[in-house]
1. Here is a check on your reading of the model: is Ile231 within 19 Å of Gly131 (Cα to Cα), of a type in the set (Val, Ile, Thr) and touching a Lys or Arg at 6+ places or on another chain (Cβ under 7 Å)?
2. Pull up the stretch 114-134, narrow it to residues that are among the hydrophobic types (A, V, I, L, M, F, W, C) and more than 18 Å from Asp284 (Cβ to Cβ), then point me to the one that is surrounded by the most Cβ atoms within 10 Å (Cβ to Cβ).
3. Evaluate the following for Ala57: is it more than 24 Å from the chain's Cα centre (by Cα) and buried (at least 18 other Cβ atoms within 10 Å of the Cβ)?
4. Among the candidates Gln47, Gln97, single out the residue that is surrounded by 15 or more Cβ atoms within 10 Å (Cβ to Cβ) and over 26 Å from Ala201 (Cβ atoms).
5. Considering only the stretch 80-133, state which residues are under 27 Å from Lys172 (Cβ atoms) and of a type in the set (D, E, K, R).
6. Since Phe86 meets every condition but one in (1) touching a strand residue (DSSP E or B) at 6+ places or on another chain (Cβ under 7 Å); (2) of a type outside the set (Lys, Arg); (3) under 14 Å from Leu166 (Cα atoms), which condition does it not meet?
7. Inside the stretch 181-270, counting only strands (runs of 3 or more DSSP E) that do not spill past its ends, which hold 2 or more residues that are in contact (Cβ under 8 Å) with a residue 12 or more places away in the chain, over 22 Å from Glu311 (Cα atoms) and touching a helix residue (DSSP H, G or I) at 6+ places or on another chain (Cβ under 9 Å)?
8. In the stretch 189-206, which residues are surrounded by 20 or more Cβ atoms within 10 Å (Cβ to Cβ) and under 17 Å from Ala152 (Cβ atoms)?
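The numbers here are math on the coordinates, done by the rules we state, and not lab data. No experiment lies behind these values; they were computed from the predicted model shown. Here the Cβ positions follow ideal geometry from the backbone for every residue, glycine too, while neighbour counts run over all protein chains shown.
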Amino acid sequence: MKNFEISGNKDTRSGFGQGLLEAGQKNDNIVALCADLTGSLQMQHFQGAYPDRFIQAGISEANMMSMAAGLATGGKIPFTGTFANFSTGRVYDQIRQSIAYSHKNVKICASHAGLTLGEDGATHQILEDLGLMKMLPGMTVINPCDYNQTKAATLAIADFDGPCYLRFGRPKWPVFTPENQTFEIGKALMLNEGKDVTIFATGHLVWKAIEAGHILAERGIDVEIINIHTIKPLDKEAILNSARKTRCVVTAEEHQMNGGLGDSVAQVLALNLPTPMEMVAVNDSFGESGTPAQLMAKYHIDTPDVVAAVERAMVRKV
């Protein structure tokens, strides 16, 4: 199992903030809109550098999405920013009708996603957003794993023509991907080659998969770990190539089991290569208030849960 060098702990929302600032430096058409959470999304850097290209929409998320659609119609590249819950569930009608249906070049940037939002509790911990957004025709859905990858993803969607959903989080998390990396939308990343089982992981669970890989290596299990940072379009070729080799797979995500990465991978395998599979995800439940560590353990999306899922999958391996 490969060793990954950690360059510190940073929250992925800060990667977005830095990426947005750098994207704004490169392209004068980029504008930013925020729903009264500028500091929480680290958008104050862009606001300070380009005040004439920043719109404080206030606690009016639906209106913010409609404004973004209008700005895109006028040739601008709007980045909207608020919590993931308010970026999707609260404004789904506006996204569907005004952005996705007409394929507007709007970047929907969503922070504080999943259980790791922590103490704010169930009303803010959206676990359905990836499913909501991937079902919209033409919507690109991205869920990076650390600070560096989030920054790179932000820069990549600035150059991409079409509506995008970019999901990131609140807690400080290990930074283990390369600095100044190139982010390729729709291209999965091989993190560790193995022959016994594949873990397809996304977002914060990529690091948990790496931790699980080290534990499993000590037990003689050779794990292949693939970072699925783009939920849609999904890298079907990478999934099938790995499944053909290992013959059993596990998915790991900070999301509901229904509608997330696991569903997408299961569909690819069912249609092309039926394979024993286990899913590490929240099982049909809302969250609650608690620390990220407490919640990940309680809702079974922590390192030991990935290890257990791998062992279950291998029992079923033909």
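1. Numbers: within 19 Å of Gly131 (Cα to Cα): yes; of a type in the set (Val, Ile, Thr): yes; touching a Lys or Arg at 6+ places or on another chain (Cβ under 7 Å): yes.
Taking the combined requirement at face value, the residue satisfies it.
2. Residues of the stretch 114-134 that are among the hydrophobic types (A, V, I, L, M, F, W, C), as a first pass: 115, 117, 122, 126-127, 130, 132-133.
Add one more test, that the residue is more than 18 Å from Asp284 (Cβ to Cβ), and what stays is 117, 133.
On the way: Leu117: 25, Met133: 29.
Residue satisfying both the conditions and the ranking: Met133.
3. Working: more than 24 Å from the chain's Cα centre (by Cα): yes; buried (at least 18 other Cβ atoms within 10 Å of the Cβ): yes.
So Ala57 fits the description; yes.
4. Working: Gln97 fails: surrounded by 15 or more Cβ atoms within 10 Å (Cβ to Cβ).
Criteria check complete, one pass: Gln47.
5. Scanning the stretch 80-133 gives Arg90, Lys107, Glu119, Asp120, Glu128, Asp129.
6. (1)
7. On the way: elements: 189-192, 197-201, 223-227, 230-232, 249-256.
The qualifying strands (runs of 3 or more DSSP E) are 230-232.
8. Answer for the stretch 189-206, where residues must be surrounded by 20 or more Cβ atoms within 10 Å (Cβ to Cβ) and under 17 Å from Ala152 (Cβ atoms): Leu191, Thr202, Gly203, His204, Val206.
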